[in-house]
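Chemist: Pasting a structure below so you can have a look.
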Amino acid sequence: LGLPAAAPFALVALGQARGLPDPDRAMPRPRNNHLGYAITWYGLAAALAGVFLVWARRRLKE
């Protein structure tokens with residue numbers, strides 16, 4: 001269309017004040033669940049390693 005590029009922005013409306021949206025004063029931040037994710041994935045990896053070791057031990061005994 002030949003229009004200039006628009007600047008990136010975000011509008012977070014919390015409620016109505018005198019008929020107009022009331023903008024938030026700070027951008028919302030998502031929760032930081034990295035520790036929970038790390039524990040989950042390393043736990044799954046350890047469980048998989050344990051299952052593999054049991055399988056390999058039984059396989060070698062035969």
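Chemist: Once fully extended, how much extra length lies between residue 57 and residue 40, figured as 0.36 nm per residue of separation less the alpha-carbon to alpha-carbon distance? It would help to have the intermediate numbers written out before the result.
Modeler: Numbers: separation 17, 0.36 × 17 = 6.12 nm, distance 2.58 nm.
Contour length minus the Cα-Cα distance gives 3.5 nm.
Chemist: Another question, if that's okay. Provide the per-residue ³J(HN,Hα) series for the range 38-45, in order, calculated from phi with Karplus coefficients 6.51, -1.76, 1.60 and θ = phi - 60°, each as a whole number of Hz, with x at glycine and proline positions.
Modeler: Whole-Hz 3J(HN,Hα) from phi for the range 38-45: 4, 4, 4, 5, 5, x, 4, 5.
Chemist: Let me ask something else. At 0.36 nm per residue, minus the direct Cα-Cα distance, what do residue 49 and residue 9 gain on full extension? Give it in nm, one decimal, please. Don't jump to the answer; show the numbers that get you there.
Modeler: Working: separation 40, 0.36 × 40 = 14.40 nm, distance 4.63 nm.
Once the chain is fully extended between residue 49 and residue 9, it gains 9.8 nm.
Read-outs throughout are calculated quantities, based only on the coordinates presented, and are distinct from any laboratory measurement. Because the structure is a prediction, the values reported are computed rather than measured.
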